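Student: To start, I am sharing the structure in question, which I have written as structure tokens.
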Amino acid sequence: MAPPLDSLEVFKTFQQRLAKGRKADHRTIVVSAGACGLASGAQKLIEALQAEMHDEDTAAQVAMRVTGCHGFCELEPSLLVEPEGTFYPRVAVKQVGRLVKAVACGEVVTDLLWTDPDTGKPVARMEDLPFYRKQLRKIMGRNEKIDPVRVESYIENGGYAALVKVVEKGNPDWVVEEVVRSGLRGRGGAGFPTGVKWRLLAKRPGREHKFLVCNADEGDPGAYMDRSILEGNPHCILEGMLIGAYATGATQGILYIRNEYPLAIAHVRTALEQAYEQGLLGNHILGTEFCFDIQIVQGAGAFVCGEETALIRSIEGKMGEPRQRPPFPIQQGIHGEPTCINNVETWANIPLIMLEGAENYAGTGTSGSAGTKVFSLVGKIKNTGLVEVPMGITIREIVYDIGGGAVDGASVKAVQTGGPSGGCIPVSRFDLPIDYDSLAKAGSIMGSGGMIVMDNHTCIVDVAKYFMGFLKDESCGKCYTCRKGTQRMYEILEDITEGRGRKEQLELLEELALVVKDTTMCGLGQTAANPVLSTLRYFREEYLEHIGNGRCPAGVCKALITYSINENCTGCGVCASNCPTEAIAGKRKERHSIDASKCIKCGNCRSACKFNAVEVV
Amino acid sequence: MNGMIHMTLNGLTVSVEAGMTILEAARFFGFPIPTLCHMEGLSPYGACRLCVVEIGEAPRSKLVSSCSYPVEEGLVVRTASARVLRARKMVLELLLASCPQSKVIQDLASEHDIRQQRFRQEHEDCILCGLCVRMCEEQMMAKAIGFRGRGEKRSIGTPFDVHSEECRLCGGCMYVCPACQLRCTYTEPDKAICGGCANISPPCVEKDPYDDMMCYMAPCVACEIKKD
Amino acid sequence: METQVNAEKVLDIVRKHEDGWGGMIAVLTDIQYVFGYLPEEALRIVASATGTSLADIYGVATFYRAFSLHPRGKHHVCVCLGTACHVRGAQMVVEEFERQLNIRPGETTPDGNFSLETVNCLGACALGPIVTMGNAPSTKVCPSDVRRILKAARKPDEEADSLGASVAVALGREMEEVTTI
């Protein structure tokens, strides 16, 4: 239990004591137990490890640490052994006994290591895995070291040292200028220079309050980087906000977390309690005159509340309708007070900048986009997970070197970045560097970091329809062009995917998309056209295939495909027993067949067949 | 500081009072800007997007709703650039595609030379402009009706769709509604975009063809009058 | 099947959030947790206790997806329709649930056992398609798994899913922490 940290000296003494207390030859088994890890069975592993390690001899040599996500979600539940950094993927409960014994002796269990599919050789250390080799895990890398529900663990690993440095220096303007010099741009998607925002906020006096908000609404489907940071290292966000408050004179912090992340909310709540107990939040922080409060406000399921002005209205307890700017949130935000809103990952970068120094931070990444970015690499890719890379790395490196390329012999077709506000980038442009400006020029945006990989079995028109369906559901509905525009664009895309598309509709779609983009008031509507416009730009032939030839080349659009059974069929009959419309006929051990007039293309037969006998034509 | 702002309006340098919106400034100088969800005496809302104008200079120019954008020193505004006209036409096409029988919308469409719409025809009675909500809240201080839902499912009505105790049966909501004020009763409403219809009787008097129209008053004053 | 609304409970919740920054959403979230949905009477009590118009409260209650004005089923099936899940075939899974339960998303079966909902991304994208009922997510679900999932839900004493049970323990603990504060 930490003592009350009521002065800078007490803090430093405590931090040094923790550092000394570390046992040099002690081994630690680290369990990746974020929400993904838990969904994959990490809880059972934790219980098995506790059972194996409870005798005194083992406990003297091996410790266990339960942490947030380590990033390689495809291979969870995974374990890491410190200090060597040995990585064990997809660990089963029955392997735990062997593992613990080996770790206690300092040995490696070779047959449980990850094996490189290209060389066939096992790879022991995490940093040698192709998935991790090209990453620069300045933010995510801390997840392995920190137990998120113990503030001592954070302090032991250098936590709150940046805050102490800032408070000791005693110059709030210097902090703002450091952030400007670092070149940090907002990681929520728009990429506005964070330091400039802080400068503007610092100049504005509030009447009663000045707000700092951490936008943890992370609504982009397919993006979960922020969740992983909140679950695995909640204190770094608190530290970032404290530094921000010191720099700008803010009095109240609000952490707006979406309600779909219960584990993240729980961990942040614990972190807040502990920070208040230790005197790191509230009045007289670390015994100084600096005061700052932070409170959690929970979202309630609305993507549009990720937009600044809608978020403010949501915090004010109203419907999340955006409003016209000016006035900007910095001028008039929550209840009319100056408010600065930054994304979770932006806040996570702040302590790093203070400790590293602005010049060093600006040295990574590119000149227009400094630092690293965390992406969620998901979809039709071998190595799904969270990857942190320096800005400027190419899409090709991420998809093939880190991601391992496509699954099941398919070929990668495109990558979608920026969620519903972004666009698809085809394979031909994969040598583009990842930075704010290049992605915008290519017709997409950086967005919050979702990177969805699509292969030749993904229908691009279906993807555009999916995003339009998402947007028309999530639109607040105020602006006529957004509400009706997304609805009408969806109608046209539905016509195309259901075989009723006409060539004139394609022109109408483009015309409408451009007007929606031009006239709608908020970011949701203004970027709603991006999925349509970018897919039309790069994949027009696929649209024309649907319209002109009535074909869906990827085999997805139900009205344009037929299910049939090929010669791989062994006549086992599993497909027929799963068919809801009794469309499959055949005798045992003989090739079955599908009656197209009864087939509703539900996909049950294809997912049930173990012989790859069901085809889509 | 005399509170005057200098800006460029359609190429002219003008001085306007600080605190005005672009719409007010443009109308003051006689430049026409169409509106649908705007009304003197009610706060501006910015829902219909018909009043958009182009501000700034290429390549950073953008469209904003003039009813809710305050004038700024040095602002450059164009109220009828090609980009603005393109936008207005599409907005009107969308309006016709959903609410064709509203005379107000028909008149606006014909003023902008729109003779057809290319989408699937709908017949909605409400364009969600919010005039009724603002009337009820700001002029009548009742707040009996409000917006519900989101996106496609957004609508206006009383909480739980039951008679509201706050409603004083003033009829203000119906008075300000552009969709139900004046309806064209030409025999084929889908095709009628004449702009010259002389029919100005309130729609609820001919209630039968308009079952779903918003009628918050129970009993309705106009219906009562008709009975007599 | 309307719940009896205990006015004192509602007023307690309103009082609890008077000083915080959570606002109306925090009040409604707590009411939904206690009653399982947002009963009309509860919202009327909130309106008179806070001075906020019922129209505004009703607007908030209908705007946010997390709130429900109708009681949900005993098992609330949530299928994730995030992009990663979508490209892995989540739409077919939703349709299979629709077919087997004979309801559309947003509805509850007549016997009150199941309600169906789609969610726009739960943030477990590597494991999609995801289906969760309360706190127990099933991962990498395909249409032929749906029957098994529903069957397991109908038998509450068996472990629905070995993965699910462990998550239920973990998340269940977290959920308690979230709501008792």
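Student: If you scan segment A:511-550, which residues turn out to be over 28 Å from the mean Cα position of the chain (by Cα), more than 9 Å from chain B (Cβ to nearest Cβ) and crowded, with 24+ Cβ neighbours inside 10 Å?
Tutor: Result: A:546, single match.
Student: Looking for whichever is among the β-branched types (Val, Ile, Thr) and surrounded by fewer than 23 Cβ atoms within 10 Å (Cβ to Cβ) here; the options are A:109, A:166, A:179, A:103. Which one fits?
Tutor: Within the list A:109, A:166, A:179, A:103, the selection yields A:109.
Student: Also, I was wondering about something else. Can you name every one of the helices (runs of 4 or more DSSP H) wholly within segment B:1-114 that holds 2 or more residues which are within 18 Å of the chain's Cα centre (by Cα), at negative phi and basic (Lys, Arg)?
Tutor: In segment B:1-114, B:82-98 are the helices (runs of 4 or more DSSP H) which contain 2 or more residues that are within 18 Å of the chain's Cα centre (by Cα), at negative phi and basic (Lys, Arg).
Student: When segment A:401-433 is examined, which residues are found to be touching a residue at least 12 places away in the same chain (Cβ under 8 Å) and assigned to a loop (DSSP other than H, G, I, E, B)?
Tutor: Across segment A:401-433, the qualifying residues are A:403, A:404, A:405, A:406, A:407, A:410, A:411, A:418, A:422, A:430, A:431, A:432.
Student: Filter segment A:286-300 for residues that are touching a residue at least 60 places away in the same chain (Cβ under 8 Å), open to solvent by less than 10 Å² (accessible area, probe 1.4 Å) and either in the same structural domain as residue A:36 (by TED's automatic domain parsing) or not in a loop (DSSP other than H, G, I, E, B) (or both) and give the result.
Tutor: Within segment A:286-300, A:286 is the sole residue that qualifies.
Student: Right, residue A:601: open to solvent by 30 Å² or more (accessible area, probe 1.4 Å), within 33 Å of the chain's Cα centre (by Cα) and on the phi > 0 side of the Ramachandran plot or not?
Tutor: Judged against the criteria, residue A:601 is a match.
Student: List the number of the failed condition for residue B:59; all other conditions in (1) in contact (Cβ under 8 Å) with a residue 40 or more places away in the chain; (2) open to solvent by 10 Å² or more (accessible area, probe 1.4 Å) hold.
Tutor: Status for residue B:59: all satisfied but (1).
Student: In addition: Could you please let me know if residue A:398 is part of a helix (DSSP H, G or I), on the phi < 0 side of the Ramachandran plot, away from chain B (no Cβ under 14 Å) and surrounded by fewer than 24 Cβ atoms within 10 Å (Cβ to Cβ)?
Tutor: yes
Student: Can you tell me which residue in segment A:472-498 is nearest to the other protein chains (Cβ to nearest Cβ), limited to those that are touching a residue at least 60 places away in the same chain (Cβ under 8 Å) and in a helix (DSSP H, G or I)?
Tutor: A:474
Student: Look through B:102, B:155 and report the one residue that is modelled with pLDDT of 90 or more, within 28 Å of residue A:472 (Cα to Cα) and polar (S, T, N, Q).
Tutor: B:155 is the lone residue from the list that is modelled with pLDDT of 90 or more, within 28 Å of residue A:472 (Cα to Cα) and polar (S, T, N, Q).
Student: Right, next: Which residues, taken from segment A:499-510, are out of contact with any Cys (no Cβ under 8 Å at 6 or more places or on another chain) and more than 7 Å from chain B (Cβ to nearest Cβ)?
Tutor: A:500, A:501, A:502, A:503, A:504, A:505, A:506, A:507, A:509, A:510, listed by residue number.
Student: Can I ask one more? Looking at segment A:301-316 only, could you name the residues that are small (Gly, Ala, Ser) and either in a helix (DSSP H, G or I) or at positive phi (or both)?
Tutor: Result: A:301, A:306, A:310, A:314.
Student: So, in segment A:1-17, of the ones that are at pLDDT below 90 and open to solvent by less than 50 Å² (accessible area, probe 1.4 Å), which residue ends up farthest from residue A:60 (Cα to Cα)?
Tutor: Ranking the qualifying residues of segment A:1-17, first place goes to A:5.
Student: Taking strands (runs of 3 or more DSSP E) that fall entirely within segment C:111-181, which contain at least 3 residues that are modelled with pLDDT under 50?
Tutor: Qualifying strands (runs of 3 or more DSSP E): none found.
Student: Here's something else I'd like to know. Can you give me the number of residues within segment B:130-165 that are open to solvent by 20 Å² or more (accessible area, probe 1.4 Å), touching a residue at least 40 places away in the same chain (Cβ under 8 Å) and part of a helix (DSSP H, G or I)?
Tutor: The qualifying residues number 3.
Student: Further question on the same structure: As an exercise: evaluate residue A:465 against (1) open to solvent by 10 Å² or more (accessible area, probe 1.4 Å); (2) closer than 30 Å to residue A:184 by Cβ; (3) more than 14 Å from chain B (Cβ to nearest Cβ) and give the number of the one condition it does not meet.
Tutor: Residue A:465 satisfies all of (1) open to solvent by 10 Å² or more (accessible area, probe 1.4 Å); (2) closer than 30 Å to residue A:184 by Cβ; (3) more than 14 Å from chain B (Cβ to nearest Cβ) except (2).
Student: Look through segment C:120-142, keep the residues that are facing another protein chain (nearest Cβ under 9 Å) and open to solvent by less than 10 Å² (accessible area, probe 1.4 Å), and return whichever of them is farthest from residue A:576 (Cα to Cα).
Tutor: C:123
The values are calculated or read from the model by the stated rules, or taken from the named source; none is laboratory data. Since the model is a prediction, treat every value here as computed from it, not as a measurement. A quick note on method: Cβ atoms are made from the backbone with ideal geometry, for glycine too, and the neighbour counts reach across all protein chains shown. Please note that ligands, DNA and RNA were not included when accessible areas were found on the heavy atoms of the full protein model with its side chains. Shrake-Rupley method; radii C 1.70, N 1.55, O 1.52, S 1.80 Å.
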